[in-house]
Amino acid sequence: MKPQNPKPLALSGGVIHYGYLLALFFITLSGFAQIPIFKRYYIADIPGLGWLAQFYVTHIIHYLSAALLLGISAYRISEYLLQRRKTLNLTPSGYWRGGLILALMVTGILLVIRNFEGHLYSDNFVIGLVLTHLALVIIFLLSVLACLLFKKKWTIRL
């Protein structure tokens with residue numbers, strides 16, 4: 001038997017895919033918990049869901065999910081630019097969703113900076129930033145739903 005060359009170590013596509021879905025689920029859930037709709041509409045009163053009404057718990061979950069999403073995005077962008085650009089092409093829906101994720105990350109990072117002492121944001125800018133972030137979330141989630149319904153993929157093979 002001829003020994004096969006081992007493939008270079010890389011994260012499995014399934015691990016990245018399910019990590020992305022998990023991060024997307026928890027960042028959305030914790031983001032809406034920050035509003036705080038779960039306490040207002042008594043969803044947090046359902047046994048086992050009381051943590052959705054605890055601001056600091058959902059805040060930490062949101063930040064951890066955001067860190068996971070940033071890491072997965074950095075990995076996927078690096079992988080695409082270094083390896084897969086030769087075999088894959090982004091679709092228009094891939095560019096659209098990627099642009100929405102980028103805009104969400106930028107507005108999210110600006111909102112994190114707002115939490116630091118000494119920021120120079122005006123109140124009107126913060127309100128606009130929060131509303132922009134929320135609008136982008138809704139547009140992104142509707143885009144994901146439309147892409148699932150119409151089977152639009154991120155990439156196509158060349």
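What follows is calculated from the coordinates using simple rules that are stated; it is not laboratory data. Because the structure is a prediction, the values reported are computed rather than measured. For neighbour counting, all protein chains shown are included, and Cβ atoms are generated from backbone atoms with ideal geometry for every residue, glycine included.
When you scan the stretch 47-61, do you find a residue that is closer than 29 Å to Arg157 by Cβ, among the aliphatic types (A, V, I, L, M) and buried (at least 16 other Cβ atoms within 10 Å of the Cβ), even just one?
no
Within the stretch 80-93, does at least one residue satisfy the condition of being surrounded by fewer than 12 Cβ atoms within 10 Å (Cβ to Cβ) and closer than 16 Å to Gln34 by Cα?
No: zero hits.
Taking Ser93 as the residue in question, decide whether it is over 21 Å from Val15 (Cα atoms) and in contact (Cβ under 8 Å) with a residue 40 or more places away in the chain.
Details: over 21 Å from Val15 (Cα atoms): yes; in contact (Cβ under 8 Å) with a residue 40 or more places away in the chain: yes.
When the stated conditions are applied, Ser93 passes them.
Please work out which residue is surrounded by the most Cβ atoms within 10 Å (Cβ to Cβ), limiting yourself to the stretch 18-43 and to residues that are more than 16 Å from Leu70 (Cβ to Cβ) and touching a Ser or Thr at 6+ places or on another chain (Cβ under 7 Å).
Among them, the one singled out is Ala33.
Hey, can you tell me all the residues within the stretch 99-144 that are touching a residue at least 40 places away in the same chain (Cβ under 8 Å), closer than 16 Å to His62 by Cα and of a type outside the set (A, V, I, L, M)?
Gly108, the sole residue that qualifies.
Looking at (1) under 19 Å from His17 (Cα atoms); (2) surrounded by 12 or more Cβ atoms within 10 Å (Cβ to Cβ), which one does Leu148 not meet, given that it meets all the others?
If we test Leu148 against (1) under 19 Å from His17 (Cα atoms); (2) surrounded by 12 or more Cβ atoms within 10 Å (Cβ to Cβ), just (2) comes out false.
Within the stretch 113-134, how many residues turn out to be within 19 Å of Pro36 (Cβ to Cβ) and loosely packed, with under 14 Cβ neighbours inside 10 Å? Full working, then the answer.
To start, the set of residues in the stretch 113-134 that are within 19 Å of Pro36 (Cβ to Cβ) comprises 114-115, 126-127, 129-131, 133-134.
Checking which are loosely packed, with under 14 Cβ neighbours inside 10 Å leaves us with 115, 127, 131.
Going through the stretch 113-134 one residue at a time, the tally reaches 3.
Which of the residues that make up the stretch 122-158 are part of a strand (DSSP E or B) and farther than 21 Å from Leu100 by Cβ?
At the first step, the residues of the stretch 122-158 found to be part of a strand (DSSP E or B) are 155-157.
Arg157 - this is the single residue of the stretch 122-158 that is part of a strand (DSSP E or B) and farther than 21 Å from Leu100 by Cβ.
Just one of Val126, Val144 is within 26 Å of Ser30 (Cβ to Cβ) and under 15 Å from the mean Cα position of the chain (by Cα); which is it?
Testing whether each residue is within 26 Å of Ser30 (Cβ to Cβ) and under 15 Å from the mean Cα position of the chain (by Cα) leaves just Val144.
All but one of (1) closer than 24 Å to Thr155 by Cα; (2) assigned to a helix (DSSP H, G or I); (3) not β-branched (Val, Ile, Thr) hold for Asn89, so report the exception by its number.
Here Asn89 clears every test but (2).
Just checking, does the stretch 114-121 include any residue being of a type in the set (Lys, Arg) and either part of a helix (DSSP H, G or I) or within 20 Å of Val15 (Cα to Cα) (or both)? So that I can check it myself, show each step before the final result.
So in the stretch 114-121, the residues of a type in the set (Lys, Arg) come out as 114.
Next, only the ones that are either part of a helix (DSSP H, G or I) or within 20 Å of Val15 (Cα to Cα) (or both) stay: 114.
Yes, the stretch 114-121 has at least one match.
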